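The values are calculated or read from the model by the stated rules, or taken from the named source; none is laboratory data. Source: prediction; values computed, not measured. Every residue, glycine as well, gets a Cβ built from its backbone with ideal geometry; the counts of neighbours run over all protein chains shown.
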Amino acid sequence: MRKLLMTGAALLALTACDVSVTKGKVSTNPTKTNSVEKVVDKSADQAIEDWFEIKFMESVKRSPMFMAQMGIKERMDEWDDVSRQAQLDELEIYKTSLSELQSKFDRSQLSEDRQLSYDMMERFLTHQIENDKYWQYGYPFNQMFGAHSRIPTFMKNQHPVSSVEDAENYIKRLTGINGYLGEIVSQSQASAEAGIMPPKFVYEHVLRDGKNITSGAPFDNSGTDSIFLSDFSDKVSKLNIDDDTRADLMARAKDAMISSVGPAYASFMDTMRKQQSMASDDDGAWKLPNGGEFYAHRLKRMTTTDMSADEIHDLGLREVDRIHGEMREIMKKVGFEGTLQDFFVHLKTDPKFVYEDSDEGRAAYIRDAAAMIDTIEGNLTDYFSFEPATKLEVRAVEAFREKSAGKAFYNRPAMDGSRPGIYYANLYKITDMPKYQMEALAYHEGVPGHHMQFAVTQKLDIPKFQRFSSATAHSEGWGLYSEYLPKEMGYYTDPYSDFGRLAMELWRAGRLVVDTGLHHKKWTRQEAIDYLLTNTPNPENDCVKAIERYIVMPGQATAYKIGMNKILELREMSKQKLGDKFDIREYHDVVLGSGPIPLSILEQQVNRWIESKG
């Protein structure tokens, strides 16, 4: 995880894309109508933009895996260098870049937009330098984003095979898995020796996934193909080549799987079994060396605020209580008699709220979710001056990781449009994906949520590093806001679907309580699960998987509700100050118009917009 986060998700957070934005242009620098324009040294702007571009591309070129994610077909036979020495080299690059930024460029001579870019780069570099203190703290193998599952996912989704050369590079990457995965295993061992290990329950998930990945030919005689062989065979079958060449490629790929992939995963699983025997059942970050300090650091990074764990916990309790009140109103509307907890049981047990547990039922879920996104996508003009033009696909999470993966997530498309945006729905246990919640979930991951959000960001007239940066509270705050906004747009006409919207918001409010409970107040895993079971309508398996996610990703889950609250708070402030001059389309331009930014900077941008309206 460490090198992947430092290179792949640091300057270039998440999966890169390049998509079209139509019906309008997002403005990042509102024209001031009541003040004298600042005289800007355009050459200074150009100089720093050139520097940003150089630094961005240097970072891209250091990561062959991220180049693949961006659709850049270079170094396609390589994996990232994930060694500690590579991390230290990257750290020195960050320090040198920070020194260059501060010594070469006079911030006061820049336009307001480039001053923002300066601040974002300075913030990023400073954070990367500070983050190195905790380089061992991210669990490199876990059920959410472990390197063991990232490898086959990467090969399947990010390594195209459109030529024999691509296939040759695929085989070379297979051969390199032993070294790549082996280095991460070694770092995991070093972390364990330093007292940094995930709780015991994580290992069961990780070992199961490892077994699934290496099940099937050429690893065994079960009669099915492994994910590696299935993927390679499917891709090579589409090449316009002769049978002898295809057979040779297949034979060499199988040899690479047997000689490199199999031993790599066998060693990985052996190490995981040894760690499993030593792991404890303590769950929170508090158990780690300087765990309290680490968790405070994580909260600050994830929320981009200075809120303490206690403040976040108390906010969560208040929000849970408020949403429960709104849910009771819907109970009255549908004529349900009983307590809110009784209604939760009704939603969990009545079969009308779930799809059939079959291939047909899963196909229906995917089809209906896609239709919901298509419907709202055709009705955006009153609320947005833009819309995404890149294709979005709704897919079920792959079988090899569906037992461990989260409920739903989004992958960006490739820069060149060769790969669509993907909304993944986890349909392993279809009762965990009730019909009444699917509308809100589709809006969050698709439109107007992450798919449109990233589509807009990638076409902004801002430096590339800024487009690909990360601010979880902003990005996930927008995702949760995108669940709420369709209510104002006339959707959620079914009261049960509207209850589902509230259930999704309640889920994020509950996260504030349980994340701080686990990592600050020393709640056990079961105490956190019980809180969600009591206070949300979500089924037990959903609650278990969620708590297990929060345990291995301290603080991340707090960003959603805090970000949404800020976007709504700033919207209300704008309405009050602007009155009839308030235009929600312009407000959305401002929220998305600078890319992913900390909430404090978002507030500054909104205030600039309000001032520009006179």
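Listed values, structure above:
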{"read-out": "Listing of helices (runs of 4 or more DSSP H) fully contained in segment 390-493 that carry 3 or more residues being polar (S, T, N, Q), touching a residue at least 24 places away in the same chain (Cβ under 8 Å) and surrounded by 21 or more Cβ atoms within 10 Å (Cβ to Cβ)", "value": "450-458, 472-488"}
{"read-out": "Single residue of Lys545, Lys561, Lys577 found to be in a helix (DSSP H, G or I) and either on the phi > 0 side of the Ramachandran plot or modelled with pLDDT under 95 (or both)", "value": "Lys545"}
{"read-out": "From the options Arg585, Arg608, Arg571, residue that is free of Cβ contacts under 8 Å to residues at least 60 places away in the same chain and among the basic types (Lys, Arg)", "value": "Arg571"}
{"read-out": "Where Gly138 falls short, out of the listed (1) in a helix (DSSP H, G or I); (2) among the small types (Gly, Ala, Ser); (3) crowded, with 17+ Cβ neighbours inside 10 Å", "value": "(1)"}
{"read-out": "Extreme residue, surrounded by the fewest Cβ atoms within 10 Å (Cβ to Cβ), among residues of segment 227-258 that are more than 27 Å from Glu402 (Cα to Cα) and either at pLDDT below 95 or not charged (D, E, K, R) (or both)", "value": "Asn240"}
{"read-out": "Residue check for Tyr550: over 21 Å from Lys487 (Cα atoms) and in a helix (DSSP H, G or I)", "value": "yes"}
{"read-out": "Whichever residue in segment 496-524 is closer than 17 Å to Gly316 by Cβ, assigned to a loop (DSSP other than H, G, I, E, B) and not basic (Lys, Arg) and, among such residues, is nearest to the chain's Cα centre (by Cα)", "value": "His520"}
{"read-out": "Residue in segment 223-242 that is under 26 Å from the mean Cα position of the chain (by Cα) and among the hydroxyl-bearing types (Ser, Thr, Tyr) present", "value": "no"}
{"read-out": "Count of residues meeting criterion [over 16 Å from the mean Cα position of the chain (by Cα) and either of a type in the set (Lys, Arg) or closer than 23 Å to Ala371 by Cβ (or both)] in segment 396-408", "value": "5"}
{"read-out": "Single condition Gln102 does not satisfy, out of (1) polar (S, T, N, Q); (2) buried (at least 17 other Cβ atoms within 10 Å of the Cβ); (3) outside any loop (DSSP other than H, G, I, E, B)", "value": "(2)"}
{"read-out": "Matching entry among Tyr383, Tyr355, Tyr295 (being aromatic (Phe, Trp, Tyr) and under 23 Å from the mean Cα position of the chain (by Cα))", "value": "Tyr295"}
{"read-out": "Verdict on Ile376 being outside any loop (DSSP other than H, G, I, E, B) and touching a strand residue (DSSP E or B) at 6+ places or on another chain (Cβ under 8 Å)", "value": "no"}
{"read-out": "Considering residues of segment 260-278 that are farther than 14 Å from Tyr180 by Cα and not hydrophobic (A, V, I, L, M, F, W, C) only, the residue surrounded by the most Cβ atoms within 10 Å (Cβ to Cβ)", "value": "Gln275"}
{"read-out": "Failed condition for Met327, given (1) under 30 Å from Leu518 (Cα atoms); (2) exposed (fewer than 13 other Cβ atoms within 10 Å of the Cβ)", "value": "(2)"}
{"read-out": "Residues within segment 343-356 that are among the charged types (D, E, K, R) and surrounded by 12 or more Cβ atoms within 10 Å (Cβ to Cβ), tallied", "value": "2"}
{"read-out": "Hits in segment 113-129 - residues which are within 24 Å of Asp89 (Cα to Cα) and free of Cβ contacts under 8 Å to residues at least 60 places away in the same chain", "value": "Glu122, Leu125, Thr126, Ile129"}
{"read-out": "Total residues in segment 253-290, condition free of Cβ contacts under 8 Å to residues at least 24 places away in the same chain and within 29 Å of Ser470 (Cβ to Cβ)", "value": "2"}
{"read-out": "Residues being under 19 Å from Gly406 (Cα atoms) and hydroxyl-bearing (Ser, Thr, Tyr) - total across segment 187-213", "value": "1"}
{"read-out": "Residue within segment 450-461 that is out of contact with any Leu (no Cβ under 7 Å at 6 or more places or on another chain) and of a type in the set (Val, Ile, Thr) present", "value": "no"}
{"read-out": "Subset tally (residues that are part of a loop (DSSP other than H, G, I, E, B), surrounded by 17 or more Cβ atoms within 10 Å (Cβ to Cβ) and not hydrophobic (A, V, I, L, M, F, W, C)) for segment 194-226", "value": "6"}
{"read-out": "Residue match in segment 164-181 (condition: more than 23 Å from the chain's Cα centre (by Cα), not aliphatic (A, V, I, L, M) and not in a helix (DSSP H, G or I))", "value": "no"}
{"read-out": "Checklist (1) surrounded by fewer than 22 Cβ atoms within 10 Å (Cβ to Cβ); (2) closer than 23 Å to Leu116 by Cα; (3) out of contact with any helix residue (DSSP H, G or I) (no Cβ under 6 Å at 6 or more places or on another chain); (4) touching a residue at least 24 places away in the same chain (Cβ under 8 Å) applied to Gly593, failing item", "value": "(1)"}
{"read-out": "Pairs, first closer than 18 Å to Ser259 by Cβ and modelled with pLDDT of 95 or more in segment 208-220, second of a type in the set (Gly, Ala, Ser) and not in a helix (DSSP H, G or I), C-beta under 6 Å, six or more apart", "value": "Gly216/Ser222; Gly216/Ser226; Phe219/Ser226"}
{"read-out": "Residue match in segment 78-93 (condition: in a helix (DSSP H, G or I), crowded, with 17+ Cβ neighbours inside 10 Å, in contact (Cβ under 8 Å) with a residue 12 or more places away in the chain and touching a Leu at 6+ places or on another chain (Cβ under 7 Å))", "value": "no"}
